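In what follows, a single structure is set out as structure tokens and then discussed.
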Amino acid sequence: MKTQNPIFSHPTLQILERCHTLATLKQVHAHMHTIGLALHTYPLSRLLIQSSKLSLTYALHIFRNIPNPTIFLFNTLISSLTNYHSEHAHIAFSLYNQILLRNKTTLRPNSFTFPSLFKACASDGWLHCGHPLHTHVFKFLEPPSDHFVQASLVNFYAKCGKLSQCRYLFNQISEPDLAMWNTLLAAYTRSASFEDADMYLEVLHGFSEMQESQIRPNEVTLVALIGACSNLGALSQGVWAHAYVLRNNIVVNRFVGTALVDLYSKCGFVNLAYQVFDKLPERDTFCYNAMIGGFAAHGQGHQALELYEKMKPEGLVPDSATIVVTLFACSHVGLVEEGCKIFESMKKAHGIEPKLEHYGCLVDLLGRAGRLKEAENMVRKMPVKPNAIMWRALLGAARLHGNIEIGEVALKHLMQLEPETSGNYVLLSNMYANFNRWDDVKRVRTLMKHQGVNKIPGFSLVEIGGAMHKFLTCDKTHPFSKEIYLKIEEINRRLQEYGHKPRTSQVLFDMEEEDKEDALSYHSERLAIAFALLATSDSSSPIRILKNLRVCEDCHASTKLISTIYQTTIIVRDRTRFHHFQDGTCSCKDYW
Ligand code: ZN
Ligand code: ZN
């Protein structure tokens, strides 16, 4: 029978684990010296770990007095450093340097050295060290490298947003575990954005691969999956995920709960979102923010305010994001006084210093309500330097209320701040077009050309039978492209029968974030609507579309009519809000 070395279970080590002050630790340290325990590597490593929890200085002092520290002791200290003192990443790297300097004689980094170092690299300011360190893995370790080293590399590249490397390394791991899958999915989620939805699709693909490899997902996985579904507007897959949660007894904690609230409200079912919210066993500020934001995007300002008022009795304090979504809610339904009150209470009642985004909401609130002069003064007098968002809010309001002077002022600032954004020029040129100032329209367009302004390509996503279909403006790549274009012709004929006139001024001049040189009827959402009408015979379930840009005026007017003509509900989620088109009207009340 193999007996364990008595040093591993020495009673002094148990006392050491229970040291919670530096003074007692020093006593135990002294005792270890007297009985000779401090001469052995394992007890020393326990001492290093315990002391670095209590005092980094003392741990380093101990380490310096070890005559010839082994690689095991180096690794122990580096790992304790990254676990308990991530802000001191530089010390971890200097220890690694010491290993390299002694390398020739006695020391060589091993597979326990690298994971902690990659963890340190992922902390702020040290990303640049990751790549050279990766070459050291090849230099010092025999391939294939150890599971922990591979996992730490995947983590590191995920953190830097280098997804192809991350995926490549992930594929090298023979049996990735749950933590690895979660790292990969989180990396996709982090680098996805509303403009670039492909990464969310990667999350869905990743999840089904994970299912195939028989790994059971947990709460973290589900949060990533549900988050991707809500950002894609992929309702049926989101509902599947919700059902999965319920079937597999996954805890609907506040993270999963917030994700579900967000899912249903982003897919256009704000009532379902509220049902989930209402049943959550525990709610934090994030849950509230998601629900208030849901109400806001659906134009239900009063419900948003009601919820905002409920936070206090639940013992929750609104944070900066709560104020943003609540002000947004007020602004979209014209609750000016209420919004102003909340803005004033920010600092007084909650001690939150208003930031740019809050001023932006207020400018939007005042501007939309037609109080343009006040809005302009606000922008000029605010204590922080106004950014593009602020001026754009003012420009949007000026356009809505036909105030060319304020519009021009706003644009001048915008062109300095972001000379390459098409939306600004578009807004102003629309405004001139509405006033029949065609020379000015031309001038803005020429200016835009000179500046080499890039337009963000518009796209729309629509879910049919559980699969997502993506359309670009004038897209002809879809397998049913021919049928879709025929359907559009039919739609256009019927629109005309109903008296719809494409806004000629807009066809020529309104570039509303998408290029009007492409005929209006081929804007991405039109293609998506045509396809949905073709593909679904059942008009009782709504057509749900997600669009990366703002809906243009002509598409808005046509979609309203299409909802009557084809007796269907169309829900479009654009960059900022939802439009529920039904029986010829839209929930935004033509105010977006
Ligand atoms: Zn359009
Ligand atoms: Zn609308």
Note to self: Please go through region 535-556 and give me each residue that is touching a Pro at 6+ places or on another chain (Cβ under 9 Å) and either at pLDDT 90 or above or away from ligand 1 (no atom under 12 Å from the Cβ) (or both), ordered by number.
What the structure shows: Asn548
Item checked: Matching helices (runs of 4 or more DSSP H) fully within region 64-147 where at least 2 residues are surrounded by fewer than 13 Cβ atoms within 10 Å (Cβ to Cβ) and not small (Gly, Ala, Ser) -> 89-102, 130-140
Checklist line | Subset of region 572-592 [closer than 15 Å to Gln300 by Cβ, more than 16 Å from ligand 1 (Cβ to nearest atom) and at pLDDT 85 or above] | finding: His580
Next item on the list: Determine which single condition Ala532 fails, assuming it passes every other condition in (1) at pLDDT 90 or above; (2) farther than 20 Å from Gly499 by Cβ; (3) near ligand 2 (Cβ under 10 Å from one of its atoms).
Entry: (3)
Item checked: Ala349 being among the small types (Gly, Ala, Ser) and crowded, with 20+ Cβ neighbours inside 10 Å -> no
Check: So which residues in region 12-39 are surrounded by 15 or more Cβ atoms within 10 Å (Cβ to Cβ) and in a loop (DSSP other than H, G, I, E, B)?
Finding: Cys19
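Tell me, yes or no, whether region 132-149 has at least one residue that is within 27 Å of the chain's Cα centre (by Cα) and touching a residue at least 24 places away in the same chain (Cβ under 8 Å).
Checked against the condition, which is being within 27 Å of the chain's Cα centre (by Cα) and touching a residue at least 24 places away in the same chain (Cβ under 8 Å), region 132-149 yields no hits at all.
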Margin query: Just to be sure before I move on: is Leu54 under 24 Å from Pro115 (Cα atoms) and modelled with pLDDT of 90 or more in the structure I sent?
Written below: yes
Next item on the list: Might you let me know whether region 161-181 holds any residue that is modelled with pLDDT under 85 and part of a helix (DSSP H, G or I)?
Entry: no
Margin query: For region 400-427: of the residues being on the phi < 0 side of the Ramachandran plot and either of a type in the set (Gly, Ala, Ser) or not assigned by TED's automatic domain parsing to the domain that holds Glu376 (or both), which is surrounded by the fewest Cβ atoms within 10 Å (Cβ to Cβ)?
Written below: Ser422
Check: Does Ala321 satisfy the condition of being part of a helix (DSSP H, G or I), within 15 Å of Leu365 (Cα to Cα) and in contact with a helix residue (DSSP H, G or I) (Cβ under 6 Å, 6 or more places away or on another chain)?
Finding: no
Notebook entry, point to check: Which one is farthest from ligand 2 (Cβ to nearest atom) among residues in region 558-591 that are surrounded by fewer than 20 Cβ atoms within 10 Å (Cβ to Cβ) and of a type in the set (Gly, Ala, Ser)?
Noted result: Gly584
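The values are calculated or read from the model by the stated rules, or taken from the named source; none is laboratory data. Bear in mind the structure is a predicted one, so any value in this text is a computation, not a measurement. A quick note on method: Cβ atoms are made from the backbone with ideal geometry, for glycine too, and the neighbour counts reach across all protein chains shown.
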